[in-house]
Each structure stands twice: as structure tokens, then as C-alpha cells.
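Here the structure is laid out as C-alpha cells; the discussion comes afterwards.
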């Protein structure tokens, strides 16, 4: 496992994603989706003996087939045949010795909170959003698809005002109207309710801003074991840079490949 601080220190020393992100890339504001294609390119270069692809979507019919292969009572009902999930960072897969595609990385980026911009425009603060909560659906579907696996390489890069406990001061041209909170003259202080606890169920309350790839096994009171597949939740106020997303996604994919090493043609 790794963490944001450790990654930053290591890749500052070794170059990391900075070597492939020039001024032009930053100028065009490459985000999670575009960065994922650079991750794919590097993975193919690093592991030339492996067949690695990036899927844009994962269909629910394929998810249900996987569930049904484990238990005939699962994966039975589906409302729409065309239903699918489409994480914006894509779904990375590698082909094993049996010709089966195995997931090694799933990435998503979410903005949670936009009140700073509203206040700057003189508008009233909105209620806390639920962008990250919606992402838990995709996490659940990938867990269903990976029910057979001992790893879970799902990462979410969340940022925004709703993901910080610090006060944010915003200056407007004119004082806000009635009902605007914490306003003195043209300065409004945002004291926002943080929402990470609404999504920490996705990583079972494990530490955020830390990479989690290996499954956890919990022994129940009856002695049986339950498998947990925690997601890696990276959350803060400031946007995650292209370099940070690249480095974190590369590390998750690399760990996944090593988890599957014995089942892959060549690593």
C-alpha cells in the first residue's frame, strides 16, 4: 500500500508523472480520462509481454454472468440489457493465461462542492451535493464483477469545498442578500459540512488518501471469514494534479499486476 504523501516524496525524487506532463498537457487541462490513456501507454511499455486494454464501459450483463458463475441464484434479474457503468478513468484489464480479462485498475474523478463559485457570483450557498455518493454504485458493480478476485483496484479522486474542514473565505463585489451565512461586508466565510463520512463505507472506514488494493479478510463471530474489497478514496479541497493521478493509477495497476503475476503469461 501507499499514500499520497509517500507517493509525492517518491515521485519528486524519481521524476514520476512530471516527465510526461509538459506545458501543453497542462494548458489543455488533462484530467482523469486523458491521464488514464497515458497510464495505458506506459503500462504497455513497461509490460510488453502482457495484453493490456482500457475499456470505456462495463456492461451489467457481463457483471451478472460473473455473479451467476459463482452462484446460480445471483445475477438473474436485469431491467435493461444495455445497462452499463462508465467510470471516467476507464476500466483497465489484462488477459491471463486462460484468455480471461482481469481488472487491474478503475479510476474516477469527482467534484464535490461548488459553493465558492456561487458565492463569488453573489449567489446563495447550496446544500451539500452527492456526486461522491453516486460513485458508490460503480464501486458496487465492479465489486460484483470482481467477486472472484483477491484484489480491488478502484480509485476515486474527489475534490471540492465539501471535502475540507477548513474555513474558506470568499470575497464578492457586493454583500450577499439575506440568509447568506457568515457574511461581513463583502467577505463570506464558508463553513461547510464535510461529507467524506457518506462515502467511507466504500473503503470500510480505512484511511483515505491511501492506496488500498489487496482484499481484507474479516473473521466473524462464528469463525467464518468474510472478504472485503476496499476502494482507494483520495479526497481533498484542491484538485488532484495530472501528475498525482498518473502516479497513483500507475502504482495501483502495478500492484494489481503483481497480485495476478502467477496467472499471467509473462510479467
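The values are calculated or read from the model by the stated rules, or taken from the named source; none is laboratory data. Quick caveat, the model's predicted, so the values are computed rather than measured. In this analysis, Cβ positions are derived from the backbone assuming ideal geometry, glycine residues included, and neighbour counts consider all displayed protein chains.
Remarks
- Failed item in (1) within 19 Å of residue 229 (Cβ to Cβ); (2) modelled with pLDDT under 90, with residue 125 passing the rest: (1)
- Taken over region 131-162, the criterion of being at pLDDT below 80 and touching a helix residue (DSSP H, G or I) at 6+ places or on another chain (Cβ under 6 Å) is satisfied by 133, 161.
- Applying the condition of being closer than 26 Å to residue 36 by Cβ and part of a loop (DSSP other than H, G, I, E, B) to region 101-122 and asking which residue is modelled with the lowest pLDDT yields 114.
- Failed item in (1) more than 29 Å from residue 265 (Cβ to Cβ); (2) at pLDDT below 80; (3) under 18 Å from the mean Cα position of the chain (by Cα), with residue 31 passing the rest: (2)
- Residue in region 44-66 that is in a helix (DSSP H, G or I), closer than 25 Å to residue 240 by Cα and modelled with pLDDT under 90 present: no
- When restricted to residues that are assigned to a strand (DSSP E or B), at pLDDT 95 or above and either in contact with a helix residue (DSSP H, G or I) (Cβ under 8 Å, 6 or more places away or on another chain) or surrounded by fewer than 16 Cβ atoms within 10 Å (Cβ to Cβ) (or both), region 78-100 contains 4.
Yes/no per residue for (1) surrounded by 15 or more Cβ atoms within 10 Å (Cβ to Cβ); (2) touching a strand residue (DSSP E or B) at 6+ places or on another chain (Cβ under 6 Å); (3) at pLDDT 80 or above:
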residue	(1), (2), (3)
193	no, no, no
196	yes, yes, no
200	yes, no, yes
204	no, yes, yes
207	no, no, yes
217	no, yes, yes
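- Top-ranked residue of region 257-267 - restricted to ones that are touching a strand residue (DSSP E or B) at 6+ places or on another chain (Cβ under 9 Å) and surrounded by fewer than 22 Cβ atoms within 10 Å (Cβ to Cβ), ranked as farthest from residue 142 (Cα to Cα): 265
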